[in-house]
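Here the structure is laid out as structure tokens; the discussion comes afterwards.
The values are calculated or read from the model by the stated rules, or taken from the named source; none is laboratory data. All of these numbers come straight from a predicted model, not from anything done at the bench. We place every Cβ from the backbone using ideal geometry, glycine too, and count neighbours over all the protein chains shown.
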Amino acid sequence: MITIVNYGMGNLGSVLNMFKRVGVKAQISSNINEIEKSEKLLLPGVGAFDAAMELINNSELLPILNYKAKEEKIPILGICLGMQLLTNGSEEGGLSGLKWIDADTLKFQFEDNNMKVPHMGWNFIKPQLASPLLTELNNESKFYFVHSYYVKCKNTENALASTQYGFDFHSIIQYENIFGAQFHPEKSHKFGMQLLTNFSKI
């Protein structure tokens, strides 16, 4: 069972519906016992970094999330803000992230006025490394993005794919059992369905 973690922020229903469309069993839960029994976790997120981390820090979820990530090492996927929460921290706020992947979340800054922030709309990925998360995905696969901050991995071996928006940023990341995708797979039609299917098989 895949559990979509309900910590108070995210497109929970949309993600659950996309799993249903691809025939994958999933549930939305903030129940520690249900999370403890889960074989995989998905960490969603829409909104501000510090607000999300405050909700996680002030809930009873952090210990079980850390246990599942670092001790049990089940597959975990963070999407959009959920991917940014996997990092050390964000320029959006002052709180530490989960620190599951050695990376930083940085603000898009452009001198060119034609480069709008947030980065919004469809864009392609450029796979950098082989991973089961990228099965049947390639540089013609496009996804729906909405974000003002981007992730930069300290180690390029953690960058599965990049996306070009003014410059190349890391759009899919991995460290051991931890995965992140900056875009919204639940809004990315067949390519998002493929990525969530891939995650379900890891």
Restrict the check to segment 81-102 and report whether at least one residue is under 25 Å from residue 193 (Cβ atoms) and of a type in the set (Ser, Thr, Tyr). no
Hey, among 187, 116, 99, which residue is touching a residue at least 40 places away in the same chain (Cβ under 8 Å) and charged (D, E, K, R)? 187
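In segment 15-31, which residue that is in contact with a strand residue (DSSP E or B) (Cβ under 8 Å, 6 or more places away or on another chain) and among the small types (Gly, Ala, Ser) is surrounded by the most Cβ atoms within 10 Å (Cβ to Cβ)? Quick ask: steps written out before the conclusion?
First, pick out the residues of segment 15-31 that are in contact with a strand residue (DSSP E or B) (Cβ under 8 Å, 6 or more places away or on another chain): 15-16, 19-20, 24-30.
Subsequent filtering for residues that are among the small types (Gly, Ala, Ser) retains 26, 29-30.
On the way: 26: 21, 29: 18, 30: 15.
Restricting to residues being in contact with a strand residue (DSSP E or B) (Cβ under 8 Å, 6 or more places away or on another chain) and among the small types (Gly, Ala, Ser), the top hit is 26.
Please verify whether residue 78 is at pLDDT 95 or above and within 20 Å of residue 159 (Cβ to Cβ), treating the condition exactly as stated. Steps first, please.
Working: at pLDDT 95 or above: yes; within 20 Å of residue 159 (Cβ to Cβ): yes.
So residue 78 passes the test.
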Sort out which residues of segment 41-75 are of a type in the set (Val, Ile, Thr) and under 17 Å from the mean Cα position of the chain (by Cα), and write them in order of number. 46, 56, 74
Residues located in segment 38-56, provided they are buried (at least 21 other Cβ atoms within 10 Å of the Cβ), within 14 Å of residue 83 (Cα to Cα) and of a type outside the set (A, V, I, L, M): 44, 45, 49
Matching residues, segment 134-158, being buried (at least 19 other Cβ atoms within 10 Å of the Cβ) and over 20 Å from residue 196 (Cβ atoms): 149, 150, 153, 158
Condition set surrounded by fewer than 22 Cβ atoms within 10 Å (Cβ to Cβ) and of a type in the set (S, T, N, Q), scope segment 82-113, selection farthest from residue 9 (Cα to Cα): answer is 113
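Restricting attention to segment 187-202, and to residues there that are part of a helix (DSSP H, G or I) and of a type in the set (A, V, I, L, M, F, W, C), which single residue is surrounded by the most Cβ atoms within 10 Å (Cβ to Cβ)?
First, the residues of segment 187-202 that are part of a helix (DSSP H, G or I): 187, 189-201.
Next, from what is left, pick out any that are of a type in the set (A, V, I, L, M, F, W, C): 191, 193, 195-196, 199.
Working: 191: 21, 193: 17, 195: 28, 196: 25, 199: 23.
Among those residues, the one meeting the criterion is 195.
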Might you let me know whether segment 138-157 holds any residue that is of a type in the set (Gly, Ala, Ser), part of a loop (DSSP other than H, G, I, E, B), without any contact (Cβ under 8 Å) to a residue 24 or more places away in the chain and on the phi < 0 side of the Ramachandran plot? no
So, in segment 80-99, of the ones that are of a type outside the set (Gly, Ala, Ser) and in a helix (DSSP H, G or I), which residue ends up nearest to the chain's Cα centre (by Cα)? 83
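Confirm whether residue 68 is in a helix (DSSP H, G or I), closer than 20 Å to residue 185 by Cα and among the basic types (Lys, Arg). Don't jump to the end; show me each part of the working.
Details: in a helix (DSSP H, G or I): yes; closer than 20 Å to residue 185 by Cα: no; among the basic types (Lys, Arg): yes.
Here the answer is no, as residue 68 does not meet what is asked.
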Total residues in segment 8-40, condition part of a loop (DSSP other than H, G, I, E, B), under 17 Å from residue 74 (Cβ atoms) and either under 16 Å from the mean Cα position of the chain (by Cα) or of a type in the set (A, V, I, L, M) (or both): 1
Residue 46 is checked against (1) touching a Gly at 6+ places or on another chain (Cβ under 6 Å); (2) β-branched (Val, Ile, Thr); (3) farther than 21 Å from residue 144 by Cα and fails just one. What number does that condition carry? (3)
From the list 112, 104, 50, which one is farther than 19 Å from residue 160 by Cβ and outside any loop (DSSP other than H, G, I, E, B)? 50
